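Undergrad: Pasting in a structure now, in structure tokens, and then I'll have a few things to ask.
The values are calculated or read from the model by the stated rules, or taken from the named source; none is laboratory data. Since the model is a prediction, treat every value here as computed from it, not as a measurement. For neighbour counting, all protein chains shown are included, and Cβ atoms are generated from backbone atoms with ideal geometry for every residue, glycine included.
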Amino acid sequence: MNGFQRWRGVAVLVLGLMTAAAGQAASQIHLNEILADPGSDWDGDGIVDFKGDEWIEVINLGTGPVDLGDYWLQDESADSPRLHLSGVLDPGEARVFYGSDAVAWQLEVGVTTGGFSLNNGGDTVYLLHSYPGDGGHDLEILDTVTFGDHVADDDRSTGWNEERTEWILYDALFPYTGSMTPPGTGCEPTPGEPNYCRTLVPDSGRSFGSIKAEFL
Ligand SMILES: [Ca+2]
Ligand SMILES: [Ca+2]
Ligand SMILES: [Ca+2]
């Protein structure tokens with residue numbers, strides 16, 4: 001049994017306890033922003049790909065650097081983690097992980113290369129933390145985010161607002177005008193940086209496509 005297979009067994013158990021465990025653990029690392037339905041080349045590999053260009057951003061809200069080697073990402077439909085994170089995150093720093101990062105890790109450990117598999121009809125994302133337990137390691141759920149259908153649409157992301165008082169929609173690239181919650185804001189996604197509201201200001205002579213191309 002390799003290391004991943006051990007994790008896999010533990011993750012199934014942990015998801016069964018999800019409701020009881022969610023939100024109980026204090027952590028410096030949190031989910032910060034998610035883009036589930038990419039319409040652009042977010043990971044910069046030259047290809048627009050529904051799997052590789054999905055992304056999940058995490059942030060360090062603590063006062064010291066954190067080794068991300070103890071953290072994992074998973075979505076609702078998975079029975080095991082989609083990505084083992086790596087690297088060190090400094091206080092206040094946000095880092096984005098792409099679906100292509102998940103595919104690369106899945107190839108490395110020899111599992112199906114589904115990427116993050118974020119459902120465009122809505123999904124739940126889990127941030128998991130591993131720690132030594134009886135007979136190996138256990139995973140605990142540190143943070144969960146559930147988002148709906150209108151949030152997971154062409155190049156809209158969803159994340160905490162700058163004040164971290166509510167989870168909002170970042171829909172500048174594909175404005176949402178409906179009445180679902182969260183409503184449209186006109187703010188741009190901010191992969192890899194702390195969230196704030198940066199708005200596109202189109203002038204009358206330019207198409208939305210040309211502005212989008214400039215910003216992406
Ligand atoms: Ca891409
Ligand atoms: Ca998707
Ligand atoms: Ca961000």
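Undergrad: Any residue in the range 34-46 that is closer than 26 Å to Pro182 by Cβ sitting within a Cβ distance under 7 Å of a residue that is among the hydroxyl-bearing types (Ser, Thr, Tyr) and more than 7 Å from ligand 1 (Cβ to nearest atom)? List the pairs, counting only those 6 or more apart or interchain.
TA: Listed by first residue and then by second, the contacts come to Ile34/Ser157; Ile34/Thr158; Leu35/Ser157; Trp42/Tyr98; Asp43/Tyr98.
Undergrad: May I pose another question? Given the conditions (1) assigned to a strand (DSSP E or B); (2) of a type outside the set (Phe, Trp, Tyr); (3) out of contact with any Phe, Trp or Tyr (no Cβ under 8 Å at 6 or more places or on another chain); (4) touching a residue at least 40 places away in the same chain (Cβ under 8 Å), and given that Gly159 satisfies all but one, which numbered condition is not satisfied?
TA: It fails just one condition, (3).
Undergrad: Taking only the range 165-174 into account, find how many residues are outside any strand (DSSP E or B) and under 15 Å from Pro191 (Cβ atoms).
TA: Of the residues in the range 165-174, 3 are outside any strand (DSSP E or B) and under 15 Å from Pro191 (Cβ atoms).
So that you can scan it fast, the table gives a plain yes or no per residue for (1) closer than 20 Å to Thr185 by Cα; (2) within 11 Å of ligand 2 (Cβ to nearest atom); (3) buried (at least 16 other Cβ atoms within 10 Å of the Cβ); (4) aromatic (Phe, Trp, Tyr):
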{"position": "Leu118", "(1), (2), (3), (4)": "no, yes, yes, no"}
{"position": "Asp123", "(1), (2), (3), (4)": "no, yes, yes, no"}
{"position": "Ser130", "(1), (2), (3), (4)": "no, no, yes, no"}
{"position": "Asp143", "(1), (2), (3), (4)": "no, no, yes, no"}
{"position": "Trp160", "(1), (2), (3), (4)": "yes, no, yes, yes"}
{"position": "Glu163", "(1), (2), (3), (4)": "yes, no, no, no"}
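Undergrad: Then there is this: Filter the range 175-203 down to the residues that are within 15 Å of ligand 3 (Cβ to nearest atom), part of a loop (DSSP other than H, G, I, E, B) and modelled with pLDDT of 95 or more and list them by number.
TA: Those that are within 15 Å of ligand 3 (Cβ to nearest atom), part of a loop (DSSP other than H, G, I, E, B) and modelled with pLDDT of 95 or more: Thr185, Glu188, Pro189, Thr190, Pro191, Gly192, Glu193, Pro194, Asn195, Tyr196, Cys197.
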